[in-house]
Amino acid sequence: MTQFNVTGMSCAACSARVEKAVSSLPGVDTCSVSLLTNSMGVEGSADPSAIIAAVEAAGYGASPKGAEVQSTAMEEDALKDRDTPVLKRRLIASLGFVAVLMYVAMGHMWHLPLPAVLAHDPVSLGLLQLLLSGIVMVVNQKFFISGFKGLIHRAPNMDTLVALGSTAAFGYSTAALFYMSHLQSMGRTEEAMGLLHEFYFESAAMILALITVGKLLEARSKGKTTDALKSLMRLAPQSATVERSGKECSVPIDQVRRGDIFLVRPGEHIPVDGIILSGEAAVDESALTGESIPVDKVPGDGVSAATVNQSGFLRCEATRVGQDTTLSQIIQMVSDAAATKAPIAKVADKVSGIFVPAVIGISVVTTLVWLLLGHPIGFALARGISVLVISCPCALGLATPVAIMVGNGKGAKNGILFKTAVSLEKTGKIQTVVLDKTGTITQGQPAVTDLIPAPGCDNDRLLTLALALEQKSEHPLSRAILTYAEEHQTCAPEVSQFQILPGNGLAAQLEKAPLLGGSLSFIAEQVPVPADMEAKAIALAEEGKTPLLFCYDHTLLGIIAVADIIRTESPEAIRQLQHMGLRVVMLTGDNPRTAQAIGKLAGVDEVIAGVLPQGKEAAIRQLQESGPVAMVGDGINDAPALTRADIGIAIGAGADVAVDAADLVLMKSQLSDVPAAIRLSRATLRNIHENLFWAFFYNTIGIPLAAGLFIPLFGWQLNPMFGAAAMSLSSFCVVTNALRLNLFDLYNPKHDHPIHSKKRGSHPVMQPQEESNNMEKTMQIEGMMCPHCEGRVKQVLEALPEVSAALVSHTSGTAVVTLSAAIADETLKSTVEEQGYKVTDIH
């Protein structure tokens, strides 16, 4: 997306005009204009100069943002509120002259004294009012320049309404003044005094002053909506301490290059993304992830810009600098989301595009109707002016973008990054949440869960001898045992003649005695396994764990169970999703037994197991028949499913926030952020609905009231000044309501409620793949000992063109193969045995 700054826009009609002008250019795929940030995002192949020319032809200004060369400080400066100081000066000057004008024009109503020269000379009184109102109009000339410029370009905006209303009041009053002067010159002084009631100079000036009040309140509130983005930008350090020619020196942040060695002392911000070369420290990453607990870092770990070194001295190598750092990508993502439009905004945009011309038409018709009904021209003109100044296209135009900006910023502060306004809206409308198992519900790394020593052995001896064997292996299950041993400060002797036995396990010699480890079937062939130990191994397998048996010198040592354990917060997060009325499905490539065990512990509604990445995409498509689906995965292996889902959520993306397949990126590896994101989306949608309701309700009631439709019924008559005040407050109310989102608690489930479109129980249950009506063959396979073995067998079988799916289980030693065409048993057998496993039967 290419972003541009746009100048000269004052209301939703302006942004609609710019959007229409740019969208009509050849090569523009999408164009989204934000009135809130005065920016425009364009996707497509159109030349930037052509885009700028189209904006200028529409009567506005545009320039490229140049994000690739801007520093963070420059980007923050671009968001600086420059409107408020200007509007404040205009307002102070306007109110000073308006106060004098109101005293002169309406003081007689409160019996306030006037100088004798004015009290008895209506022309002098009128000339003074003309002079004072003229000064106010000059002070607020921006309304007239912008308004009439829009009218000339056939793109009237809110300023056009204000300018027409003020000009009409001033013009009519000036004409009345000339007529008054004519009467007085003819000696008809009393008749001339009567024309004072036809002056609307104070209305012309007060309209401008009150609209300026509203603009000032609106500008101050709009400035607060970008506070989250500005606070992110302020996190970026401005300098870094680097090593140059063997010496330490401080350089500006934009001079740090990839590969530079930089130093970070306790209490300092880390300047760029990098890898720790030496030193250990606790790093506060709350600025990026929202996680308040510092993370311990050791050599080899990655660090990110804007995080804080709380303890220890770090020497690091820069890996990402400038616009490539994690912080810069987060800022870019939040900025891009603000530059896009939510689908719900389209209704307001369509209305805004025709709103101003329609209001001008209503104003003219109102004036003519009252004239035809026999009312004085002053009365009819007041009704027409009231219609012009009470109408508020800004409230319509701001209803959605301010809520999107505040919601987006609130999410960014908590490590929840919506890529577009569309994703922020759609997240709250999903009905099914699909969770990947590995790394989402579970930790994503195997860990030791059980130590069961055999009779005559204890935990220490079992762990020590298991470590002696496994420390020579690179297998993920071996690394789990090594990690467990390190945590328990266990040391092991060196072994010799180490061997990897594919499909079975490991073997070595320790003090001239054999030391073996592997699956139940392999160890049972080497040493006698008591029935109770065998039963325990089978029970562990049924729980989704991988039991590893060990024996030394022909004696069973015991069982060490390894599993990818569930994250502590996963069951609670899933319960919260279900309480929201969402159906929770676990989608995994694991065998059904392991998947069902994990699914039961996590509390999901449904488990779909034995699915490859392309199969996950098909599963998502089927689930979408029941309503919108969100897929939660790591954003890499699950890319097809993330892309297919209505909302793709990348969890635990860490430093790699630019996950192309995902619509929503969760910086923390916590499943609890999924219900939090949905909660935030729903709250933002509610806020948008409230804003739109107010905007439409205000205009629906205000315009008929200003036109005088209620005069025959209730005698309600609106002074143009009160119409201007109402217009000013309407935009302020919309923006203030959006700012309430800053007080929203994302992680509080107290106010969760089910969606009403569909109940969870009404979804059709997806049939597991193994229940297909296609031809099936069951293979008995020996040598598989863990889920990784399953994956290997599954992969080679499903690579065969005749095989549509393979459901593999290492615990039962089987592979159920679903065929789309006939295939020889010998082909299936040779395919598996080439991987080091033994096929004993196919039926």
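What the table below lists for this structure:
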item	result
Selection count, region 405-420, where residues are within 15 Å of N742 (Cβ to Cβ) and either crowded, with 23+ Cβ neighbours inside 10 Å or modelled with pLDDT under 80 (or both)	8
Residue ID - least open to solvent (accessible area, probe 1.4 Å), chosen from residues in region 518-540 that are outside any helix (DSSP H, G or I) and among the aliphatic types (A, V, I, L, M)	V527
Residue count, region 360-379 (criterion: within 21 Å of F199 (Cα to Cα), open to solvent by 30 Å² or more (accessible area, probe 1.4 Å) and either part of a helix (DSSP H, G or I) or touching a Gly at 6+ places or on another chain (Cβ under 6 Å) (or both))	5
Search result, residues across region 570-615 that are part of a helix (DSSP H, G or I) and among the basic types (K, R)	R575, R593, K600
Out of L506, L462, sole residue that is outside any loop (DSSP other than H, G, I, E, B) and open to solvent by 10 Å² or more (accessible area, probe 1.4 Å)	L506
Inter-residue pairs, beta-carbon under 6 Å, first under 16 Å from C786 (Cβ atoms) and in region 465-484, second outside any helix (DSSP H, G or I) and among the aromatic types (F, W, Y), 6+ apart	A466/F550
Qualifying position, being of a type in the set (V, I, T) and not in a helix (DSSP H, G or I), among V433, V389, V402	V433
Condition met for L217 (at pLDDT below 75, farther than 30 Å from A738 by Cβ and open to solvent by 10 Å² or more (accessible area, probe 1.4 Å))	no
Residues of region 159-207 satisfying the condition of being closer than 30 Å to A13 by Cβ, open to solvent by 10 Å² or more (accessible area, probe 1.4 Å) and in a helix (DSSP H, G or I)	L164, T167, A168, F170, G171, Y172, T174, A175, E202, M206
Listing of helices (runs of 4 or more DSSP H) fully contained in region 10-83 that carry 3 or more residues being modelled with pLDDT of 85 or more	12-23, 48-57
Qualifying residue in region 321-340 (condition: more than 19 Å from L666 (Cβ to Cβ), open to solvent by 20 Å² or more (accessible area, probe 1.4 Å), at pLDDT 90 or above and part of a loop (DSSP other than H, G, I, E, B))	no
Flag if L515 is open to solvent by less than 60 Å² (accessible area, probe 1.4 Å) and modelled with pLDDT of 90 or more	yes
Candidate set: region 1-32, residues that are charged (D, E, K, R) and touching a strand residue (DSSP E or B) at 6+ places or on another chain (Cβ under 8 Å); chosen: the one most open to solvent (accessible area, probe 1.4 Å)	D29
Hey, G147 among the small types (G, A, S), open to solvent by less than 30 Å² (accessible area, probe 1.4 Å) and at pLDDT 80 or above or not	yes
Complete set of residues in region 701-732 that are modelled with pLDDT of 80 or more and either open to solvent by less than 60 Å² (accessible area, probe 1.4 Å) or under 14 Å from I211 (Cα atoms) (or both)	G702, I703, P704, L705, A706, A707, G708, F710, I711
Qualifying residues in region 773-805 (those that are part of a strand (DSSP E or B) and charged (D, E, K, R)) - the one farthest from the chain's Cα centre (by Cα)	E782
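Residues are listed down the side, and each one gets a yes or a no for (1) out of contact with any His (no Cβ under 7 Å at 6 or more places or on another chain); (2) at pLDDT 75 or above; (3) surrounded by fewer than 14 Cβ atoms within 10 Å (Cβ to Cβ):
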residue: M766; (1), (2), (3): yes, no, no
residue: C786; (1), (2), (3): no, no, no
residue: A806; (1), (2), (3): yes, yes, no
residue: T814; (1), (2), (3): yes, yes, no
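This table checks each residue for (1) free of Cβ contacts under 8 Å to residues at least 40 places away in the same chain; (2) under 15 Å from the mean Cα position of the chain (by Cα); (3) open to solvent by less than 40 Å² (accessible area, probe 1.4 Å).
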{"position": "Q443", "(1), (2), (3)": "no, no, no"}
{"position": "A447", "(1), (2), (3)": "no, no, yes"}
{"position": "Q489", "(1), (2), (3)": "yes, no, no"}
{"position": "S496", "(1), (2), (3)": "yes, no, no"}
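The values are calculated or read from the model by the stated rules, or taken from the named source; none is laboratory data. Keep in mind that what you see is a predicted model, and the values were worked out from it rather than measured. Cβ coordinates were reconstructed from backbone atoms using ideal geometry, including for glycine residues, and neighbour counts include every protein chain displayed. Note: accessible area is taken over every heavy atom of the protein model, side chains too, but ligands, DNA and RNA are not part of it. Shrake-Rupley method; radii C 1.70, N 1.55, O 1.52, S 1.80 Å.
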